[in-house]
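Everything on this sheet refers to the single structure shown next.
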Amino acid sequence: MQRADYKTLRKLGFTDDELKVLNLWDVATGTPVDLAIAYIRRSQAADNLATLRKHLKDIVWAAERENVKILHVYFEQRSASKAHVTREEFDNAIGDILKGRAKTLFVWKSDRLSRRGMGQVGMLLDEFDRRQARAVSVTEGLDSSKGSRIVWAFLSERARDEAKDIALRTKTGMDAHRSEGKWMGGVTPFGLMYDKKSGALVRHPTEFIPARRIAVALLKNHTPKTVAHEMNKRGYLSRTGKPFNATGILALAHSLSWAGIIPVRERMTDQFGAPLDKWHRIGKPLLDSDGFPVSCGEGVITYAEHLKIEKNLASRARPGTCIGDRTRGKRKAKCVAIAALRCPYCKGRMVNSGVSFYCEKRRNEGATSCEGSSINRIETEAAVAAMWQNQILSLSPDSDVIANIAREWLKYDDPEKEERRVKLTSALRDAESRKTNLEDAHYVTGTLSATRFAELSAGLNAQMDHMREELTVLARDADLSPLMDAESLAQLWESQDAEGQRALLRAAVETIDFAHVKGRGKRGAPVAERLTATWKAESREGIDTLIATALDHVELTRNRRKAAETAAQPVPTVTNLSAQVSTLVETQGAGTRTARIAAGRRAARNRRTAGLAA
């Protein structure tokens with residue numbers, strides 16, 4: 001039987017023979033007191049794996065001195081000082097101790113455990129004390145079960161201060177390199193590349209010519225959409241191999257790095273003002289001591305050309321509109337149908353272009369990406385509203401679609417309740433996982449006594465039952481009565497803004513396709529006749545049950561018919577049952593793929609039955 005951490009140990013560079021020497025080859029067994037968990041962490045990818053292997057060897061030797069076995073080795077590369085960083089392997093290691101799988105947690109050094117100070121380490125040690133467990137730091141000789149809490153507190157706070165010093169030194173070094181014109185990493189703009197020898201940006205051998213073509217078009221005051229269309233028309237592709245679009249062209253136009261200039265960055269913070277690992281470029285160049293922008297190498301455009309392009313873009317800005325106004329915040333939804341409407345050619349999203357809905361791909365990337373199609377916006381909105389109401393009224397009250405609409409409506413109408421439901425669902429899954437581990441510890445590995453297993457199981461089952469009851473109440477609170485009455489349904493739809501109507505539409509509709517007609521205006525078929533909705537599927541349990549029953553009856557009839565050939569007994573048929581299947585399939589939507597398959601199977605069974613009767 002292979003260890004669960006075998007792949008981790010191999011990634012650290014250990015051979016099978018080395019694992020056997022270190023007693024890390026066989027699966028460790030025994031009581032929790034005789035077992036331990038090892039946690040290895042490195043801060044940088046550049047750290048040598050030989051160092052990490054030495055860390056683990058020291059831990060193994062310490063475990064042998066104390067006559068305990070390493071049950072599992074957890075390894076990860078994560079920051080231990082940033083509260084917003086999730087450390088999955090750290091949580092798993094602590095979870096094994098809290099679940100009772102082992103009683104000892106080994107770390108090579110206290111700062112390898114955490115750099116968040118005694119605030120985190122102290123609570124961790126409290127939980128360990130409640131479970132008669134301990135944390136051991138190998139190089140510092142610390143054992144939390146032997147009254148070394150004060151030393152743990154001192155070293156934890158020292159590690160926290162050291163993390164701040166590391167961050168300060170790193171920031172100072174990066175700022176110094178920027179002031180000297182060094183490129184500090186990240187994705188280089190289209191048309192440029194990073195030269196390791198000089199540490200600066202240089203022209204890309206294949207991307208520079210198309211990038212310069214974009215720059216010339218922007219200098220001529222062409223719109224980003226026009227530039228993207230021209231680039232795609234000439235057969236150029238972006239760095240990712242996809243067609244150019246207006247958003248990408250606009251990003252290049254605003255990029256100071258595209259001009260070979262180092263931009264000023266501001267670090268983003270959370271709601272409490274704590275710094276995050278995210279930076280925001282404020283659109284201003286970094287200036288040297290003489291007040292001139294600092295260059296980081298060659299650019300596709302000059303700084304003077306960058307200023308001219310920015311002036312061209314600003315000249316087209318319209319305050320209060322979507323054109324160049326970044327102060328409006330998040331725009332509110334105005335249209336409902338585009339939440340599900342799809343282009344008849346590329347099956348992509350549609351966008352609102354005033355009086356009509358237009359293909360987003362064609363609009364942003366030009367005619368080379370999609371032939372493009374449009375449909376009247378006002379008529380489409382009215383037709384979609386009527387389709388939605390008619391479809392909902394045709395469903396039964398216990399329909400899966402109705403239940404899904406209730407859930408989606410709960411998310412939109414009562415976000416606090418939905419947040420509570422999500423948390424409960426996550427907690428229930430976690431409890432179920434803990435129950436599985438508990439059963440494995442008792443029935444499989446035998447590391448948990450029957451008495452302790454009964455105690456923990458009782459508490460865990462009570463907790464899970466309480467969660468299920470609360471989830472049942474949350475799911476039952478949704479009022480579906482307005483969805484069953486035509487007048488109330490119309491009032492519910494009309495009473496909501498575009499966001500609310502989108503929530504109702506997405507709960508019932510997968511996509512809405514429309515047929516393209518040539519010509520302008522109201523030529524061709526009405527909009528309502530051109531729309532085809534793909535509704536979210538109903539439950540197949542009823543259909544599958546009847547189909548399975550029909551197959552059983554066909555087999556039973558076939559056997560009885562063989563016996564009846566000699567006994568001349570009347571042969572029962574499955575006509576009524578086939579009719580039930582036919583009716584149910586048709587009510588669930590004969591246009592769907594599953595319904596067509598069911599109809600085909602039904603026809604084949606009828607042909608077989610007719611052949612047997614003949």
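The values are calculated or read from the model by the stated rules, or taken from the named source; none is laboratory data. Only a predicted model underlies this, so the values are computations on that prediction, with no experimental measurement involved. Don't worry about glycine lacking a Cβ; one is built from the backbone with ideal geometry, like all the others, and counts go over all protein chains shown. Quick note on the areas: whole protein, heavy atoms, side chains included, nothing else; ligands and nucleic acids left out. Shrake-Rupley method; radii C 1.70, N 1.55, O 1.52, S 1.80 Å.
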> Among D161, D143, D129, which is the only one that is modelled with pLDDT of 75 or more, open to solvent by 60 Å² or more (accessible area, probe 1.4 Å) and not basic (K, R)?
Replying inline: D129
> Somewhere in segment 317-328, is a residue open to solvent by less than 50 Å² (accessible area, probe 1.4 Å) and modelled with pLDDT of 85 or more?
Replying inline: no
>> Every residue in segment 195-212 that is crowded, with 16+ Cβ neighbours inside 10 Å and either more than 25 Å from G297 (Cα to Cα) or charged (D, E, K, R) (or both), please.
In response: R203, E207
> Among (1) modelled with pLDDT of 85 or more; (2) surrounded by 22 or more Cβ atoms within 10 Å (Cβ to Cβ), where does L113 come up short?
Replying inline: (1)
>> Considering only segment 240-256, I want to know if a residue exists there that is surrounded by fewer than 18 Cβ atoms within 10 Å (Cβ to Cβ), more than 33 Å from the chain's Cα centre (by Cα) and part of a loop (DSSP other than H, G, I, E, B).
In response: no
>> I need a count of the residues in segment 435-469 that are open to solvent by less than 60 Å² (accessible area, probe 1.4 Å) and polar (S, T, N, Q).
In response: 4
> Can you name every residue in segment 13-33 that is surrounded by 17 or more Cβ atoms within 10 Å (Cβ to Cβ) and either in contact with a strand residue (DSSP E or B) (Cβ under 7 Å, 6 or more places away or on another chain) or assigned to a loop (DSSP other than H, G, I, E, B) (or both)?
Replying inline: F14, L22, L24, A28
> Across segment 2-22, which residue is nearest to R41 (Cα to Cα) among those that are touching a Phe, Trp or Tyr at 6+ places or on another chain (Cβ under 9 Å) and hydrophobic (A, V, I, L, M, F, W, C)?
Replying inline: L12
> Which is under 22 Å from N364 (Cα atoms) and among the acidic types (D, E), of E230, E140, E180?
Replying inline: E230
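Each row is one residue, and each column tells you yes or no for (1) closer than 24 Å to G13 by Cβ; (2) open to solvent by less than 10 Å² (accessible area, probe 1.4 Å); (3) at pLDDT below 90; (4) assigned to a loop (DSSP other than H, G, I, E, B).
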| position | (1), (2), (3), (4) |
| --- | --- |
| D58 | yes, no, no, no |
| E64 | yes, no, no, no |
| H72 | yes, no, no, no |
| F75 | yes, no, yes, no |
| A80 | yes, yes, yes, yes |
| V85 | no, no, yes, yes |
| N92 | yes, no, yes, no |
| I97 | no, yes, yes, no |
> Are any residues in segment 257-271 assigned to a helix (DSSP H, G or I) and of a type in the set (A, V, I, L, M, F, W, C), and if so, which ones?
Replying inline: W258, A259
> Which fully enclosed strands (runs of 3 or more DSSP E) of segment 333-410 have 2 or more residues being open to solvent by 30 Å² or more (accessible area, probe 1.4 Å) and modelled with pLDDT of 85 or more?
Replying inline: 374-376
> Which residues, counting only those in segment 1-12, are in a loop (DSSP other than H, G, I, E, B) and buried (at least 16 other Cβ atoms within 10 Å of the Cβ)?
Replying inline: R3, D5, L12
> If we keep just the residues of segment 187-206 that are closer than 22 Å to M231 by Cα and assigned to a loop (DSSP other than H, G, I, E, B), which is farthest from the chain's Cα centre (by Cα)?
Replying inline: P205
>> When the residues of segment 213-239 are narrowed to those that are among the small types (G, A, S) and under 25 Å from V351 (Cα atoms), which ends up most open to solvent (accessible area, probe 1.4 Å)?
In response: G235
> Which residues, counting only those in segment 34-56, are surrounded by 13 or more Cβ atoms within 10 Å (Cβ to Cβ) and more than 17 Å from T15 (Cα to Cα)?
Replying inline: D34, L35, A36, I37, A38, Y39, I40, R41, R42, S43
> Which residues, counting only those in segment 207-235, are among the acidic types (D, E) and assigned to a helix (DSSP H, G or I)?
Replying inline: E230
